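The values are calculated or read from the model by the stated rules, or taken from the named source; none is laboratory data. Because the structure is a prediction, the values reported are computed rather than measured. Ideal geometry is used to build each Cβ from the backbone, glycine not excepted, and the neighbour counts take in all protein chains shown.
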Amino acid sequence: MNFKKININHTLIFFLLAHLILWTVIPSISNNNLPLDTIEALAWGSNLDWGYNKHPPVSAWLAKGLFQIFGNQDWAYYFLSQLFVVSSFFIVFKFSEDFFKNRIFSLISVLLLEGIYFHNFTTPEFNVYVCQLPFRALTVYFCWKSFKDNDFQSWLLFGVFAALGFLSHYLFLYLLIAVTIFFIYLLKKSKKFNLKYFIPGTIFLILILPHLIWLIDNNYITLNYAFHRTGLSELNYFNHIFHPFIFLGKQIGILLPFLFMSLIIVSKVKIKLQKKDKKLLFLLIVNFIPFILMILTSFFMGVKIRTMWMSPFYLFSGVLIIYIFQKYIVLKKIKYFFSIFLIFFIFSPASYLYVSISQKDKRTDYPGKEIANSVQEKWDNNFSDTIKSVIGDEWHAGNLSYHLKSNPKWYSSSAAFVEKSAEEFIETIGKNGFIIVNGECSYGVLFIIKNNDICMNGKK
């Protein structure tokens, strides 16, 4: 293969479109129901707020926005997820063009990302981690442009996308710490302060302030959930070593295909780091500082780091590895690289399809549509008005909210809420019909409360 004959733009567009189509179509035809995290986002989004019981609001807002257009069409949410993935890839490509004289290096740095399963196998599930991807890419992109061009627009957009990333998931803070370290280094070296440095921080604080107020008003519910997920309540001294070790081992395993693809086109593994190379310094900081902070968090606090939490962390790993080894890349080996890339590109969706079809009792096998149709039929046989609200856990009640034709609002079945009497329920929500779902039972036991009457499965 003559790399000079490769049309970079056409190859990139073909790759992005192929990824978008494959990872939208395959889960759409193989899954009976949307995954858990997507249903959760849709449930939260039925009530627009500045936060929810598990996460900040942006993923829920986006899911709600798409629902207003497409309703309960499952493919639309797989499409949304892949749109976020491929847009992130495109931003990484545009970012990398500032780092390489040869645009084929930019292309390779993006194609390498298919070797990380966070960017393919896990992406059909639209969640807070997928939601972060374009905001992470844009934050890094405009952070670099702010440093390079020092223009008002870049500083402004830097702050906007940093805020959207944080409002997607709190772990975005680790990236913000990393870029802050970079700017502290620059200030120390230049000894010049520019008032424009205040712009991103000011914009960031203004945009996240409503969420912070909501967080205080709701007793830091999202933080309590996060601490619970890490196993903070089950600490012992052994965990300070065990959890970071397990985390590191899993990440190495996940990155092996990516590293293998990288080595195919490298003649020798030789690292020469130039201390004055600001491009290299920036890449090292945005790639390694968040990763190191994750390990340190686990080490000092003794908490578990969920594998999925690392999903957005590797977006710029391809740019870094190509930049470090660019002098040792053998372009004659490009054909071998494309061959291996193609194998991974086909193998990942094929594996997903096989797992979806062969394995049963998954969340995506849940008969959400069938249950909603049954509930709707029972409701219509007993009541004339529409279902306004569904109360329960995000999975059972969230599925009802998503599939029912009236798209009722979802309310959490938190302990404080379900302990209320029927009269208090009605006073809180109104006298229109609503359903309480007990998610502890198989597929949910349905309790319908209407006008002070409590019914079970549509019968008084």
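Pairs are defined by a Cβ separation below 7 Å, a sequence spacing of at least 6 or placement on different chains, a first member in region 198-226 that is touching a residue at least 12 places away in the same chain (Cβ under 8 Å) and assigned by TED's automatic domain parsing to the domain that holds L48, and a second member that is among the hydroxyl-bearing types (S, T, Y) and assigned to a helix (DSSP H, G or I); the pairs so defined are L215/T222.
The selection criterion, being among the hydroxyl-bearing types (S, T, Y), surrounded by fewer than 18 Cβ atoms within 10 Å (Cβ to Cβ) and either under 25 Å from F227 (Cα atoms) or over 17 Å from the mean Cα position of the chain (by Cα) (or both), does not hold for S59. Residues that are surrounded by fewer than 11 Cβ atoms within 10 Å (Cβ to Cβ) and hydrophobic (A, V, I, L, M, F, W, C) were ranked within region 182-221; the one that is nearest to the chain's Cα centre (by Cα) is I216.
Among the listed residues A18, A43, A63, identify the single one that is within 20 Å of V130 (Cα to Cα) and touching a strand residue (DSSP E or B) at 6+ places or on another chain (Cβ under 8 Å). Walk me through it before giving the result.
On the way: A18 fails: touching a strand residue (DSSP E or B) at 6+ places or on another chain (Cβ under 8 Å); A63 fails: touching a strand residue (DSSP E or B) at 6+ places or on another chain (Cβ under 8 Å).
That would be A43, the only listed residue that is within 20 Å of V130 (Cα to Cα) and touching a strand residue (DSSP E or B) at 6+ places or on another chain (Cβ under 8 Å).
Looking at K276, K268, K272, just one residue is in the same structural domain as F147 (by TED's automatic domain parsing), outside any helix (DSSP H, G or I), among the basic types (K, R) and touching a residue at least 60 places away in the same chain (Cβ under 8 Å), and that residue is K268.
Please work out if L296 is under 22 Å from L111 (Cβ atoms), at pLDDT 85 or above and among the aliphatic types (A, V, I, L, M). Break it down stepwise before answering.
On the way: under 22 Å from L111 (Cβ atoms): no; at pLDDT 85 or above: yes; among the aliphatic types (A, V, I, L, M): yes.
No, not satisfied.
Candidates C143, C131: the one that is more than 22 Å from S190 (Cβ to Cβ), crowded, with 24+ Cβ neighbours inside 10 Å and either of a type outside the set (A, V, I, L, M) or modelled with pLDDT of 95 or more (or both) is C131. Taking interchain pairs and intrachain pairs at least six residues apart, which have beta carbon atoms under 7 angstrom, with the first residue in region 10-22 and closer than 13 Å to P124 by Cβ and the second surrounded by fewer than 19 Cβ atoms within 10 Å (Cβ to Cβ) and of a type outside the set (V, I, T)? Partner pairs satisfying both residue conditions: L20/L83.
So if I check each of A163, A178, which one is crowded, with 17+ Cβ neighbours inside 10 Å and within 17 Å of F282 (Cα to Cα)? After ruling out the rest, the residue left standing is A178.
Pick from I21, I39: which is farther than 18 Å from H119 by Cα, part of a helix (DSSP H, G or I) and not assigned by TED's automatic domain parsing to the domain that holds A397? Spell out how you get there, then give the answer.
Values: I21 fails: farther than 18 Å from H119 by Cα.
One residue alone meets the criteria, I39.
Is it fair to say Y117 is surrounded by fewer than 24 Cβ atoms within 10 Å (Cβ to Cβ), within 20 Å of the chain's Cα centre (by Cα), of a type outside the set (A, V, I, L, M) and more than 21 Å from M308 (Cα to Cα)?
The answer is no for Y117.
When you check Y78 against the structure, is it without any contact (Cβ under 8 Å) to a residue 60 or more places away in the chain and within 30 Å of S401 (Cα to Cα), yes or no? Yes.
If you check L259, L281 for being closer than 26 Å to Y117 by Cα, more than 21 Å from the chain's Cα centre (by Cα), in the same structural domain as Q326 (by TED's automatic domain parsing) and not in a loop (DSSP other than H, G, I, E, B), only one passes: L259.
From the list F126, F99, exactly one residue is touching a helix residue (DSSP H, G or I) at 6+ places or on another chain (Cβ under 7 Å), surrounded by 24 or more Cβ atoms within 10 Å (Cβ to Cβ) and not small (G, A, S). Which is it? Outline the logic, then answer.
Working: F99 fails: surrounded by 24 or more Cβ atoms within 10 Å (Cβ to Cβ).
Of F126, F99, the one residue that is touching a helix residue (DSSP H, G or I) at 6+ places or on another chain (Cβ under 7 Å), surrounded by 24 or more Cβ atoms within 10 Å (Cβ to Cβ) and not small (G, A, S) is F126.
The set of residues in region 288-306 being free of Cβ contacts under 8 Å to residues at least 60 places away in the same chain and either crowded, with 20+ Cβ neighbours inside 10 Å or under 10 Å from F247 (Cα atoms) (or both) consists of I295, S298.
Table: residues versus (1) under 30 Å from I252 (Cβ atoms); (2) in contact with a His (Cβ under 7 Å, 6 or more places away or on another chain).
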position: V128; (1), (2): yes, yes
position: P134; (1), (2): yes, no
position: V160; (1), (2): no, no
position: N194; (1), (2): no, no
position: T202; (1), (2): no, no
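Quick one: would you say N150 is in contact (Cβ under 8 Å) with a residue 60 or more places away in the chain and either closer than 24 Å to T297 by Cβ or assigned by TED's automatic domain parsing to the domain that holds I334 (or both)? Taking the combined requirement at face value, the residue does not satisfy it.
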